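The structure under discussion appears below in the form of structure tokens.
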Amino acid sequence: SKAPVYDKTLLQQVRATAMAIPGELPQKINYLKYAASVRKWSEVVEDGSEDPCTMARTAFQIEFANGWIMVDAGMDRAVHHFFEKEKPQPFDDTAAARVAQAVQQANLILITHEHGDHVAGAIRNANDQLPPKTFLTREQANNLISNPQMPEIKLDENRSKQYIITSFESVLPVAPGVVMIKAPGHTEGEIMVYTKLQNGRE
């Protein structure tokens, strides 16, 4: 899975692609922090210090006049425990429940990458309504089937067919103003999500 070249040409393509699907642009973007990962800076960046670094675990909501798209689907406590191998980590049950509810009611769900804290909410406890509105890239699906980060998010071949599985070279429009951009690195299936709002903000 090759990354596109991140240059002005790609940016022009992303902006043009954002207008490819007609309709009202989204109004705003909301996000919710539902857990955190606390580790040393040295584990996060090269030559980092031994000081603690707190990274938010979040889900994003792109809000339209008639509903919303979720970017990432959160996780439950069972998946959160996987990240607590060394020590307990912050987890907010109320916020996690709000994310889960927003995922259930979303029009579409986009997954930035195939790690448990981003994808679990679209795989575990996924009733039959979730897969048909959840985009997975081919790379994300392949990893969830054959090499999941943890057993809890393993996707079986048959079940995977219920998801919207997509293959694209660099950019893909998914809704008015919303574009998926290939960004392999952190994982093979990593994507970025570009959004253009009604007020012109990007």
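Among the residues of region 94-117, write down those that are small (G, A, S), under 16 Å from I62 (Cα atoms) and either open to solvent by 10 Å² or more (accessible area, probe 1.4 Å) or touching a Cys at 6+ places or on another chain (Cβ under 7 Å) (or both). Those that are small (G, A, S), under 16 Å from I62 (Cα atoms) and either open to solvent by 10 Å² or more (accessible area, probe 1.4 Å) or touching a Cys at 6+ places or on another chain (Cβ under 7 Å) (or both): A100, A102.
Of all residues in region 50-64, those that are at pLDDT 95 or above and either open to solvent by less than 50 Å² (accessible area, probe 1.4 Å) or in contact with a Pro (Cβ under 8 Å, 6 or more places away or on another chain) (or both) total 7.
Applying the set (1) surrounded by 12 or more Cβ atoms within 10 Å (Cβ to Cβ); (2) out of contact with any Lys or Arg (no Cβ under 7 Å at 6 or more places or on another chain); (3) aliphatic (A, V, I, L, M); (4) assigned to a loop (DSSP other than H, G, I, E, B) to A3 leaves exactly one unmet item: (2).
Filter region 24-43 for residues that are over 24 Å from A96 (Cα atoms) and open to solvent by 60 Å² or more (accessible area, probe 1.4 Å); which is modelled with the highest pLDDT? The qualifying residue modelled with the highest pLDDT is E24.
Residue-level check: of (1) modelled with pLDDT of 95 or more; (2) more than 14 Å from the chain's Cα centre (by Cα); (3) open to solvent by 20 Å² or more (accessible area, probe 1.4 Å), G67 misses just (3). Among the residues of this structure, L197 does not count as one that is modelled with pLDDT under 95 and open to solvent by less than 30 Å² (accessible area, probe 1.4 Å). If a residue has to be touching a residue at least 60 places away in the same chain (Cβ under 8 Å) and outside any helix (DSSP H, G or I) to count, how many in region 68-106 make the cut? The total comes to 3. If you go through region 6-29 and pick out every residue that is in contact with a Phe, Trp or Tyr (Cβ under 7 Å, 6 or more places away or on another chain) and not in a helix (DSSP H, G or I), you end up with 5.
The values are calculated or read from the model by the stated rules, or taken from the named source; none is laboratory data. The model shown is predicted, which means the values in this text are computed figures rather than measured ones. So basically every Cβ, Gly included, is an ideal-geometry build from the backbone, and we count neighbours across all protein chains shown. What goes into the accessible areas is simple: the full protein's heavy atoms, side chains included, and nothing from ligands, DNA or RNA. Shrake-Rupley method; radii C 1.70, N 1.55, O 1.52, S 1.80 Å.
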